[in-house]
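> Mind having a look at this structure? Questions to follow.
The values are calculated or read from the model by the stated rules, or taken from the named source; none is laboratory data. Bear in mind that the values here come from a model prediction, so they are computed numbers and not experimental data. Counting neighbours? That spans all protein chains shown, and the Cβs are built from the backbone with ideal geometry, glycine included.
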Amino acid sequence: MDFFQTIIALLESTIRLSVPLIFAALAGLYTERAGVFDIGLEGKMLGAAFAAGAVAAVTGSVFIGLLAAILISVLLSLVHGYASITQRGSQIVSGVAINFIVFGSTVILGEAWFRQGGRTPALSGDARFQTWDLPFADAVKDVPFIGPIYANLLSGHFLLTYLAFALVPISWWVLYRTRFGLRLRAVGENPGAVDTAGISVIWLRYRAVICCGILCGFAGAYLSLAMNAGFVKGMTAGKGYIALAALIFAKWRPVNIMLACLLFGFLDALAIRLQGNPLPLIGQVPVQLMQALPYILTVILLAGFIGKAIPPKAGGIPYVKER
Amino acid sequence: MSDLAIELRGIDKSFGLVHANKDINLQVRKGTIHGIIGENGAGKSTLMSILYGFYQADRGEIVVDGKAVVIKDPNAAIASGIGMVHQHFMLVENFTVLENIMLGAEDSQVLNTSISKARVELKRLEKEYALEVDPDALIEELPVGLQQRVEILKALYRKADILILDEPTGVLTPAEADHLFRILGQLKDQGKTIILITHKLREIMAITDEVSVMRRGEMVATRTTKETSVEELAELMVGRRVLLRVEKGEANPGAVKLSVKNLTVRDGRGVTMVDNVSFDLKAGEIVGIAGVAGNGQSELLEAISGIRRAVSGSVVLNGSTVDVTGHVDPGALRSQGLGHVPEDRHHVGLVLKFDESENAILGYQRDKRYLNGPFLNMEAIRAEAEEKIQKYDIRPPNAKLKTANFSGGNQQKIVLAREMERGPDVLIIGQPTRGVDVGAIEFIHKRIIEMRDRGMAVLLVSVELDEIRALSDRILVMFAGRVVGERGTDATEGELGLLMAGVEGPKEAAE
């Protein structure tokens with residue numbers, strides 16, 4: 001039974017850790033499917049996390065914090081959009097620039113406003129997301145096997161956690177079953193086809209970029225308002241890049257994205273759990289190796305185990321009307 | 001009601017310093033096929049892009065069906081009943097036929113209802129115009145001819161009455177092109193108006209009712225097709241008399257320079273593309289390889305020039321055996337006297353982002369003439385490039401210009417100058433005049449004959465049968481990877497056509 005408890009706990013933290021990845025990877029899905037590569041997921045997430053932490057601390061309201069996160073993230077997306085869609089600049093340079101600017105400015109602003117070494121004040125009560133218990137969670141807790149799965153694994157998460165998982169089928173539906181999705185996928189493959197069909201390539205790509213901003217806003221808010229109680233300097237810690245890896249790994253498909261993010265979340269959870277515990281047969285494993293495991297696996301998987309991941313054909317290329 | 005489908009009045013358009021369209025007037029009558037012909041860069045595509053709302057004219061008026069209209073974007077063009085089939089298809093390759101046809105014309109936010117409506121409407125269009133295509137097939141899995149059909153259906157789905165086709169046969173095999181012309185004839189019979197943009201005179205003569213000629217941004221003439229001739233149109237296009245027939249004397253074949261024996265080549269998927277091909281090529285003769293595109297000619301050229309490894313067989317170049325089944329260094333072949341003008345100049349023949357002078361030595365950059373110790377001798381390179389520019393009349397005459405900024409014909413001349421001027425013993429040329437305008441074709445053909453007369457052995461591959469017949473001293477016909485026949489200069493077009501279609505092939509090959 002103890003082993004079962006361990007598994008449940010491991011899976012529970014898997015879910016907790018994969019939520020920001022799912023938000024960010026889905027965010028990337030919208031823009032990259034529309035042909036705008038976005039290496040700035042990391043920066044947008046970090047900016048959103050800071051905005052959420054700062055605003056929630058000042059107003060005491062978690063929802064105003066969430067709105068601030070989305071607002072900042074969308075603004076950063078629009079900067080990326082302006083640089084790469086309107087001005088036809090390099091999408092990579094723009095994305096990297098956003099990452100750097102956000103990393104530096106969150107620390108400076110945090111220190112100037114709160115004087116806690118770049119952190120925002122610790123949040124509590126209404127300024128933070130509370131976990132939700134699903135109906136009857138208490139009642140079935142003691143039922144063997146099913147009980148712990150329902151009560152500990154499926155119940156007791158944040159609102160944003162449920163939203164992240166709900167967004168997977170919703171994104172699939174939007175991309176594959178709506179007019180917006182059809183056009184969005186088309187503009188990522190052959191913007192010329194969209195343009196000659198009488199649809200604005202620019203407006204369509206901006207809308208995709210805005211969707212990305214909103215989702216990165218959720219990701220950031222989850223980090224500082226749900227998973228942690230406040231913003232900490234550099235708290236995204238490369239999650240934006242892992243989300244990008246998951247996006248490629250999943251070949252730009254929503255359900256695959258969820259699975260990839262869960263896998264990366266699981267590795268992360270495993271690394272945390274194994275810290276300080278000797279492995280059977282192998283013995284003590286250095287913490288650093290465990291922490292590096294998700295990244296090593298990403299490299300190995302991307303290098304050969306998933307077949308060829310073909311990105312949207314027009315990805316990364318600004319659209320210029322042919323002369 | 002007017003009997004004119006489209007009237008353009010005084011259309012004028014400049015891009016920076018380039019005056020692409022100068023005061024263009026054009027009248028297209030309803031229910032006709034109207035050809036617009038002109039050399040590359042004459043302004044045909046610009047004019048049609050203005051009509052389709054891709055660009056705005058600086059001045060001028062567009063009248064559709066008797067009403068003056070402003071076409072500010074493709075939407076407005078579609079609303080006026082104008083549809084366009086672009087030279088490079090505007091299709092999303094990993095979408096289905098149905099999704100491509102629907103794109104931009106979906107009638108609701110959620111696709112379900114749009115899809116079923118589109119399916120019904122597509123069925124109706126297929127019946128009405130006899131244009132069958134599987135609505136659920138992915139575009140990337142369809143042959144080019146069918147992809148083009150999808151483009152036409154896309155326009156019809158949007159209720160186009162006026163159809164513009166921009167260089168529609170550039171990517172088609174002769175058979176597919178014939179099929180397209182039948183479709184266009186049918187559409188005309190059903191009352192559609194068709195504007196056909198091309199630089200191929202034969203197509204104009206074969207299918208149009210009227211033809212307008214453009215030259216350097218101006219509309220120089222409009223003729224009734226029946227009352228004009230290929231010669232007159234060519235002269236109008238180029239602005240001077242053009243020799244459509246190449247004049248050449250008898251060949252004086254010498255020693256064998258290239259000997260190919262039992263060559264077999266497979267492609268990446270393991271399909272046999274060249275099947276046991278043997279032939280000899282002598283000094284001072286042009287051997288033409290005719291065939292419909294995709295019958296192994298490309299692979300044959302690649303194997304001989306050392307780009308693709310052969311499965312079996314042997315090649316003797318200039319007396320020395322080339323290890324075609326092992327590792328071949330194309331550079332080494334060059335130094336053994338092989339010149340190669342590749343079929344695809346954009347991807348294999350040139351680096352479009354390089355300067356003209358850099359492309360003029362590409363592949364020969366290790367030659368001492370171009371080196372200054374470990375560095376390139378830019379002065380020598382430029383001086384030689386300028387010499388070639390003079391000799392081959394490459395325009396604009398600027399060795400520092402990026403190669404992408406030259407027209408197709410001039411780019412081809414850059415490649416030809418590079419490969420011919422070194423005086424190779426064997427010159428293999430793929431598609432010498434693909435995407436090249438009439439004036440430059442004449443020049444290129446003359447040069448090829450000149451090389452032959454100097455004693456070069458020339459192997460010529462072209463999908464243009466006219467070109468093969470005009471230049472070759474001997475003609476080999478390839479079908480399904482095999483040489484199915486050899487003919488002399490007296491072979492008729494019909495005879496070669498049958499061989500190309502594989503009709504007489506098996507019997508003769510068995511001999």
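> In the stretch B:79-102, what residues are out of contact with any helix residue (DSSP H, G or I) (no Cβ under 9 Å at 6 or more places or on another chain) and either in contact (Cβ under 8 Å) with a residue 24 or more places away in the chain or away from chain A (no Cβ under 11 Å) (or both)?
Across the stretch B:79-102, the qualifying residues are B:Ser80, B:Gly81.
> Among the listed residues B:Ala118, B:Ala105, B:Ala76, B:Ala137, identify the single one that is among the small types (Gly, Ala, Ser), surrounded by fewer than 20 Cβ atoms within 10 Å (Cβ to Cβ), within 13 Å of another protein chain (Cβ to nearest Cβ) and within 30 Å of A:Ile310 (Cα to Cα).
Just a single option satisfies the conditions, and that option is B:Ala105.
> Additional query: Looking only at the stretch B:432-462, how many residues end up being assigned to a loop (DSSP other than H, G, I, E, B), out of contact with any strand residue (DSSP E or B) (no Cβ under 8 Å at 6 or more places or on another chain) and not small (Gly, Ala, Ser)?
5
Residue by residue, here is whether (1) closer than 30 Å to A:Gly234 by Cβ; (2) assigned to a strand (DSSP E or B); (3) among the hydrophobic types (A, V, I, L, M, F, W, C) holds:
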| site | (1), (2), (3) |
| --- | --- |
| A:Thr120 | yes, no, no |
| A:Phe129 | yes, no, yes |
| A:Pro135 | no, no, no |
| A:Asp138 | no, no, no |
| A:Val143 | no, no, yes |
| A:Gly147 | no, no, no |
| A:Thr161 | yes, no, no |
| A:Ala164 | yes, no, yes |
| A:Trp172 | no, no, yes |
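> In addition: Only residues that are facing chain B (nearest Cβ under 8 Å) and either over 19 Å from B:Ala76 (Cβ atoms) or acidic (Asp, Glu) (or both): list them for the stretch A:184-203, please.
If the condition is that a residue be facing chain B (nearest Cβ under 8 Å) and either over 19 Å from B:Ala76 (Cβ atoms) or acidic (Asp, Glu) (or both), then A:Arg185, A:Ala186, A:Glu189, A:Asn190, A:Asp195 are the ones that fit.
> Given the conditions (1) at pLDDT below 90; (2) among the aliphatic types (A, V, I, L, M); (3) more than 26 Å from B:Asp437 (Cβ to Cβ), and given that B:Leu125 satisfies all but one, which numbered condition is not satisfied?
Condition not satisfied by B:Leu125: (1).
> Select from the stretch A:204-220 the residues that are surrounded by 24 or more Cβ atoms within 10 Å (Cβ to Cβ) and farther than 30 Å from B:Phe54 by Cβ and write down the one among them that is farthest from the other protein chains (Cβ to nearest Cβ).
For the stretch A:204-220, the residue satisfying everything is A:Gly220.
> Check every one of the helices (runs of 4 or more DSSP H) wholly within the stretch B:279-375 and list those with 1 or more residues that are not assigned by TED's automatic domain parsing to the domain that holds B:Leu459.
Those helices (runs of 4 or more DSSP H) span B:356-359.
> Looking at the stretch A:147-157, can you tell me whether even one residue there is within 24 Å of A:Ala69 (Cβ to Cβ) and away from chain B (no Cβ under 14 Å)?
Taking every residue of the stretch A:147-157 in turn, at least one turns out to be within 24 Å of A:Ala69 (Cβ to Cβ) and away from chain B (no Cβ under 14 Å).
> Separate question: Mind counting the residues in the stretch A:26-41 that are in a loop (DSSP other than H, G, I, E, B) and either free of Cβ contacts under 8 Å to residues at least 40 places away in the same chain or more than 14 Å from the chain's Cα centre (by Cα) (or both)?
Result for the stretch A:26-41: 4.
> Among the numbered conditions (1) within 14 Å of chain B (Cβ to nearest Cβ); (2) surrounded by 23 or more Cβ atoms within 10 Å (Cβ to Cβ), tell me where A:Leu223 comes up short.
Evaluating A:Leu223 over (1) within 14 Å of chain B (Cβ to nearest Cβ); (2) surrounded by 23 or more Cβ atoms within 10 Å (Cβ to Cβ) leaves (1) as the failure.
> Listed residues B:Glu343, B:Glu386; which is under 26 Å from B:Ala283 (Cβ atoms), charged (D, E, K, R) and either out of contact with any helix residue (DSSP H, G or I) (no Cβ under 7 Å at 6 or more places or on another chain) or surrounded by 20 or more Cβ atoms within 10 Å (Cβ to Cβ) (or both)?
Among B:Glu343, B:Glu386, only B:Glu343 is under 26 Å from B:Ala283 (Cβ atoms), charged (D, E, K, R) and either out of contact with any helix residue (DSSP H, G or I) (no Cβ under 7 Å at 6 or more places or on another chain) or surrounded by 20 or more Cβ atoms within 10 Å (Cβ to Cβ) (or both).
> Mind telling me which of the residues B:Val260, B:Val230, B:Val256, B:Val287 ends up being under 22 Å from the mean Cα position of the chain (by Cα) and under 27 Å from B:Arg454 (Cβ atoms)?
Testing whether each residue is under 22 Å from the mean Cα position of the chain (by Cα) and under 27 Å from B:Arg454 (Cβ atoms) leaves just B:Val287.
> Further question on the same structure: Look through B:Gly349, B:Gly319 and report the one residue that is on the phi > 0 side of the Ramachandran plot and either surrounded by 14 or more Cβ atoms within 10 Å (Cβ to Cβ) or not charged (D, E, K, R) (or both).
Exactly one residue qualifies, and that residue is B:Gly319.
> Tell me, please, whether a residue that is charged (D, E, K, R), surrounded by fewer than 19 Cβ atoms within 10 Å (Cβ to Cβ) and within 23 Å of the chain's Cα centre (by Cα) can be found in the stretch B:304-316.
No: the stretch B:304-316 contains no residue that is charged (D, E, K, R), surrounded by fewer than 19 Cβ atoms within 10 Å (Cβ to Cβ) and within 23 Å of the chain's Cα centre (by Cα).
Residue by residue, here is whether (1) under 30 Å from A:Trp252 (Cα atoms); (2) out of contact with any Lys or Arg (no Cβ under 8 Å at 6 or more places or on another chain); (3) modelled with pLDDT under 90 holds:
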{"residue": "B:Asn75", "(1), (2), (3)": "no, yes, no"}
{"residue": "B:Ser80", "(1), (2), (3)": "no, yes, no"}
{"residue": "B:His88", "(1), (2), (3)": "yes, yes, yes"}
{"residue": "B:Met102", "(1), (2), (3)": "yes, yes, no"}
{"residue": "B:Asp107", "(1), (2), (3)": "yes, no, yes"}
{"residue": "B:Ser116", "(1), (2), (3)": "yes, yes, no"}
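> What residue, of A:Gly60, A:Gly89, A:Gly35, is among the small types (Gly, Ala, Ser), surrounded by fewer than 22 Cβ atoms within 10 Å (Cβ to Cβ), on the phi > 0 side of the Ramachandran plot and in contact with a helix residue (DSSP H, G or I) (Cβ under 6 Å, 6 or more places away or on another chain)?
Answer to the selection: A:Gly60.
> Right, another one. Can you tell me which residues in the stretch B:25-50 are buried (at least 21 other Cβ atoms within 10 Å of the Cβ), away from chain A (no Cβ under 13 Å) and more than 23 Å from B:Gly409 (Cβ to Cβ)?
B:Val28, B:Ile33, B:His34, listed by residue number.
> Continuing with the same structure: Does the stretch A:165-178 include one or more residues that are of a type in the set (D, E, K, R), within 26 Å of A:His80 (Cβ to Cβ) and either buried (at least 17 other Cβ atoms within 10 Å of the Cβ) or within 14 Å of chain B (Cβ to nearest Cβ) (or both)?
For the stretch A:165-178, residues of a type in the set (D, E, K, R), within 26 Å of A:His80 (Cβ to Cβ) and either buried (at least 17 other Cβ atoms within 10 Å of the Cβ) or within 14 Å of chain B (Cβ to nearest Cβ) (or both): absent.
> I would also like to ask the following. Does the stretch B:160-173 contain any residue that is modelled with pLDDT of 90 or more, in a loop (DSSP other than H, G, I, E, B) and within 14 Å of chain A (Cβ to nearest Cβ)?
Taking every residue of the stretch B:160-173 in turn, at least one turns out to be modelled with pLDDT of 90 or more, in a loop (DSSP other than H, G, I, E, B) and within 14 Å of chain A (Cβ to nearest Cβ).
> Tell me which residues, restricted to the stretch B:9-43, are in contact with a Ser or Thr (Cβ under 7 Å, 6 or more places away or on another chain), of a type in the set (Gly, Ala, Ser) and under 24 Å from B:Ala206 (Cα atoms).
Hits for the stretch B:9-43 are B:Gly31, B:Gly35, B:Gly41.
> Need the failing condition index for A:Ala237 against (1) in a helix (DSSP H, G or I); (2) surrounded by fewer than 18 Cβ atoms within 10 Å (Cβ to Cβ); (3) under 13 Å from the mean Cα position of the chain (by Cα), just the number.
Every listed condition holds for A:Ala237 apart from (1).
> With the structure loaded, tell me whether B:Val213 is of a type in the set (Val, Ile, Thr) and part of a strand (DSSP E or B) or whether it fails that test.
Here the answer is yes, as B:Val213 does meet what is asked.
> Please go through the stretch A:41-95 and give me each residue that is polar (S, T, N, Q) and farther than 24 Å from A:Glu111 by Cβ, ordered by number.
Answer for the stretch A:41-95, where residues must be polar (S, T, N, Q) and farther than 24 Å from A:Glu111 by Cβ: A:Ser77, A:Ser84, A:Thr86, A:Gln87, A:Ser90, A:Gln91, A:Ser94.
> Within the bounds of the stretch B:120-139, is there any residue that is without any contact (Cβ under 8 Å) to a residue 12 or more places away in the chain and either closer than 19 Å to B:Ile50 by Cα or among the hydrophobic types (A, V, I, L, M, F, W, C) (or both)?
So far as the stretch B:120-139 goes, yes, one or more of its residues are without any contact (Cβ under 8 Å) to a residue 12 or more places away in the chain and either closer than 19 Å to B:Ile50 by Cα or among the hydrophobic types (A, V, I, L, M, F, W, C) (or both).
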